1. Angle check, please: helix 8-23 long axis (alpha carbons) against the longest principal axis of the chain (alpha carbons), in degrees 0 to 90, nearest 10.
2. Taking only Cα atoms, what is the 0 to 90° angle, nearest 10, from helix 47-65's long axis to the longest principal axis of the chain?
3. Determine the shape class of region 1-44: with a ≥ b ≥ c the square roots of the Cα gyration tensor eigenvalues, call it rounded for a/c under 1.5, and otherwise prolate if a/b is greater than b/c, oblate otherwise.
4. So if the hydrodynamic radius of the chain is defined as the Kirkwood radius over C-alpha pairs, what does Stokes-Einstein give as its diffusion coefficient at 20 °C and 1.002 mPa s, in µm² per second?
5. 222 nm [θ] for the chain, helices only, -39500 (n - 2.57) per DSSP H run of 4+, per residue, to 500?
Amino acid sequence: MRIRADSSPALFEAALEGMSQIIKADACKNPPFFTLTIPINLRSKNITTLLIEFLGEVLTHSHLHNAIFCKLQIKILNDHFISALIFGFPEEKIDEDIKAVTYHEADVKLNQDKQLETIIVFDI
């Protein structure tokens, strides 16, 4: 999955949306009431690692709760730390079972259009 965004918060939101779209296509277009709210607090050595660890944490909660997380509310985000809430709902029927978020090809960089960009590879 290739993601681009104008800011770090938008990059994290796009990554969450993209991963949710893979798990269950269109599940977040008209989601039911969000019954799950999970806090996420992570530290990492750089923005790339933080993004991968964030998606891994969301994926873990998806598996634990048989849920899809569609909404992200960021409280604090910098290149080394995220404090946020993710909002989701239970979903029994999924399209793809993502087993892991990998570091392969992940490297958040500023592209020619002055957008943050990276590739995320999932183990399916």
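Each reported figure results from applying straightforward, stated rules to the coordinates on display, with no laboratory input. Only a predicted model underlies this, so the values are computations on that prediction, with no experimental measurement involved.
1. Approximately 40 degrees, to the nearest 10.
2. That works out to roughly 10 degrees.
3. Oblate, since a/c reaches 1.5 and b/c is not below a/b.
4. 148
5. Taken over the chain, the calculation gives -9500 deg cm²/dmol.
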